[in-house]
Amino acid sequence: MLYREQSVGVLAFSQEWYHAGRTDARYIPGDNATGVGLEIHFFTNATGDIKGQNSASCSRYRMLQVRRTTARLYDGEKAVQIDVPNEFSSPFYDNEPLEYGHGTHLTPVDNRDKPWGGRPVRTSTVAIYDTPFVSGRFGIEGQDIEVGFETCVVCQREPGYDSILSCGNWGYRREYIDSMSGWSEAEFNGVQCAAEPSELFKQTLQNSNRIEYSYWINWR
């Protein structure tokens, strides 16, 4: 995780797990898996820590995620959009009622779509817990269901311009089998890391008519 050629931390992605519509979560995929899950954590180092050297002059670190999909959409949704609920005015994923944590925190209350019991403790600068899925009724006959995410860390500054730091691309697909069988179980695509956001990510932020966020200006 670099800012002006200085390392400020590490963006880490957990082992994926599989679940059936946010139930029956396990690390080994099952025939009924319609989605996947990931823990995504950002850990600052001494250079990037806000209470340390804070070489990037961040007020806090946030997670911002863009989703793209080939599945059928709800009214008002786009195939590529900022991945937060419609009622959000902020683009950041680490906000209620989404599942996230800051510092030393307990994992989310709802563990039905997590492959662990109880609420284990995690420690990271900022973390999100994402468990997307797509049921067959949102598939388009004859087409695979593809769902992808680009998750980036944002150095948020108040006041000042924000900076988007490193990112990771990940997602899953459900292969179309036939009209009788529908779609296969979810298959994880893996994680590809990048030093900076993609052009698609930046265009999605810029073109959003639902959330106004311009990280390159003092938009507040």
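The values are calculated or read from the model by the stated rules, or taken from the named source; none is laboratory data. Owing to the predicted nature of the structure, the values given are computational and were not obtained by experimental measurement. Glycine gets a Cβ as well: all are built from the backbone with ideal geometry, and neighbour counts include every protein chain shown. These area figures cover heavy atoms from the full protein model, side chains too; ligands, DNA and RNA do not enter into them. Shrake-Rupley method; radii C 1.70, N 1.55, O 1.52, S 1.80 Å.
Of note:
- Residue in region 62-70 that is closer than 17 Å to residue 131 by Cα and either basic (Lys, Arg) or exposed (fewer than 13 other Cβ atoms within 10 Å of the Cβ) (or both) present: yes
- Of the residues making up region 58-81, those that are part of a loop (DSSP other than H, G, I, E, B) and of a type in the set (Ser, Thr, Tyr) are 59, 70, 74.
- Qualifying residue in region 82-104 (condition: free of Cβ contacts under 8 Å to residues at least 24 places away in the same chain and in a strand (DSSP E or B)): yes
- Take the conditions (1) open to solvent by 30 Å² or more (accessible area, probe 1.4 Å); (2) under 23 Å from residue 146 (Cα atoms); (3) free of Cβ contacts under 8 Å to residues at least 60 places away in the same chain; residue 29 misses just one of them, which is (3).
- Looking across 91, 85, 97, one residue alone is at pLDDT 95 or above and surrounded by fewer than 16 Cβ atoms within 10 Å (Cβ to Cβ). It is 97.
- Per the listing 13, 42, the residue uniquely touching a Leu at 6+ places or on another chain (Cβ under 7 Å) and buried (at least 18 other Cβ atoms within 10 Å of the Cβ) is 42.
- Residue check for residue 167: crowded, with 17+ Cβ neighbours inside 10 Å, touching a Phe, Trp or Tyr at 6+ places or on another chain (Cβ under 8 Å) and more than 27 Å from residue 22 (Cβ to Cβ): no
- Qualifying residue in region 39-46 (condition: more than 22 Å from the chain's Cα centre (by Cα) and either among the polar types (S, T, N, Q) or within 15 Å of residue 170 (Cβ to Cβ) (or both)): no
- Selection status of residue 176, crowded, with 18+ Cβ neighbours inside 10 Å, under 14 Å from residue 140 (Cα atoms), among the hydroxyl-bearing types (Ser, Thr, Tyr) and in contact with a strand residue (DSSP E or B) (Cβ under 6 Å, 6 or more places away or on another chain): yes
- Matching residues in region 105-141 - criterion: being hydroxyl-bearing (Ser, Thr, Tyr), surrounded by fewer than 16 Cβ atoms within 10 Å (Cβ to Cβ) and not in a strand (DSSP E or B): 135
- Counting the residues of region 50-61 that are touching a residue at least 60 places away in the same chain (Cβ under 8 Å) and open to solvent by 20 Å² or more (accessible area, probe 1.4 Å) gives 3.
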